[in-house]
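Here's the structure, in structure tokens; my notes come after.
The values are calculated or read from the model by the stated rules, or taken from the named source; none is laboratory data. All figures in this text were calculated on a predicted structure; none of them were measured in a lab. Glycine also receives a Cβ, built like all others from the backbone with ideal geometry; neighbour counts cover every protein chain displayed. Please note that ligands, DNA and RNA were not included when accessible areas were found on the heavy atoms of the full protein model with its side chains. Shrake-Rupley method; radii C 1.70, N 1.55, O 1.52, S 1.80 Å.
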Amino acid sequence: MSGGSLKARRGHAFVPVPGWNRSFALLSGARAREVTRAVVFVHGYSGKAKSTWTDFLSLVDDDTVAGPWWETSDLFFYHYFWRSMFRRVEENALDLFNFLHDVFPKPPQALFNGGQTTLRRGFQYCDLTLVGHSEGGVLIRKAILEAADQDARLRAWRRSPPAKRPAITPQPDGILVANLRLFAPALGGEALAGMPGVIASLPVISSALHMSAAKLDLAPGATAITSARQYTDEWSEQVDLECFKAHIVWADHDSIVDPEKYRDDIQCTRRPKGTNHSSVCKPTVTYPFPVKFVERGVKYGKC
């Protein structure tokens, strides 16, 4: 900047999320009135909040990678490592729904109380972006469905005869205002292919996988998978809300999930070269794509 120094970037502060073990937030250092958005990250099967999204923790405060959009956003990282493997998908989806309800639109005041300092009081968000990887994408879709089912206005609008409906869909409320950004989501289920599939079929490993309730629910054709698609497509056909239309990016090489989107989803037509199921959501200085994708989504097939 001519005649003076560049404005210092306002970073994020690490804070545990009260009541949610090992889930945490990165709170923006911007003034409260400038922070309008919450971005919630949900890892996949056997993932962790830190290891799945680790590079986001530093790169969102890097001027060479992340823009002002990140500077004025609070980030939440939902952790459910053991539950991702040993609990049913429906249970995990309800837990995520409760987590989202706790932090959006009005996060707990305890989140902003540190020692003798209170960062914000009576704070509330306007915008929400939900980011999921693999199973996390399925849980996000199911949490959105739960929110829609609990919204009496939307239910009444949807059930009324088309000829008698108001021309304008009821405005979204709560987490239904969300935009969805999904990395290699398990929307068609998880089924190991190639060499990973051969290894998984070995007796000892196969027995262990079949003990996993979540893995059973994520099998192609499982009720948890087919019902999420059916109900989302039904809602999307009748209600014009962005929360039913996920923006998706698939890995270049993926032996875990098939690139299966829902009818009205918007997918990136160019998969990031050299990425696999695990790496597609992990940004680096030389691979800033995930940061840009979360912020901008897909436009005209490009991201």
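Per residue, how large is the accessible surface of the chain? Use a 1.4 angstrom probe and give square angstrom.
Accessible area per residue, the chain: 48 Å².
If you build the convex hull over the alpha carbons only and average its shadow over all orientations, what do you get for the chain? Give it in nm² to one decimal.
18.6
Can you work out the base-10 log of I(q)/I(0) for region 1-136 at q = 0.18, 0.19 1/Å, using the Debye formula on its C-alpha atoms alone?
Taken in order of the listed q values, log10 I(q)/I(0) reads -1.02, -1.12.
Largest first, please: the extent of the C-alpha atoms of region 244-303 along each principal axis, to the nearest Å.
32, 26, 16
Kindly point out, ordered by number, any Cys in the chain whose beta-carbon has no other cysteine beta-carbon under 4.7 Å away.
Unpaired cysteines in the chain: Cys126, Cys243, Cys281.
Give the lysines whose C-alpha is closer than 27 Å to that of Lys299, dropping any in the same chain fewer than 8 places away, or say none.
In chain and number order, the partners are Lys142, Lys245, Lys261, Lys273, Lys282.
Around Gly11, which amide H atoms from residues at least 5 apart in sequence, or from another chain, sit under 5 Å from its own amide H, with H modelled in the peptide plane?
Gly29
Report, to the nearest whole %, how much of the accessible area of region 231-289 belongs to carbon and sulfur atoms, 1.4 Å probe, protein only.
The computed percentage sits at 48.
Do any trypsin sites (Lys or Arg not before Pro) in region 4-90 lie in a DSSP loop with no more than 10 other beta carbon atoms within 10 Å, and if so, which?
Hits after loop and neighbour filter: Lys7, Arg31.
Looking only at Val15, Val280, Val60, which one moves most when the chain is put into a Gaussian network model with springs between Cα atoms under 10 Å?
Val15
What relative contact order, as a whole-number percentage, does the chain give when Cα pairs under 8 Å and 6 or more residues apart are counted?
18
Any idea what the alpha-carbon Rg over 2.2 N^0.38 Å comes to for region 10-78?
Rounded to two decimals, the normalised Rg is 1.09.
Against the 2.2 N^0.38 Å scaling, with N counting residues, where does region 145-188 land? I'd like the Cα-based Rg ratio to two decimal places.
After normalising by residue count via 2.2 N^0.38 Å, the value is 1.45.
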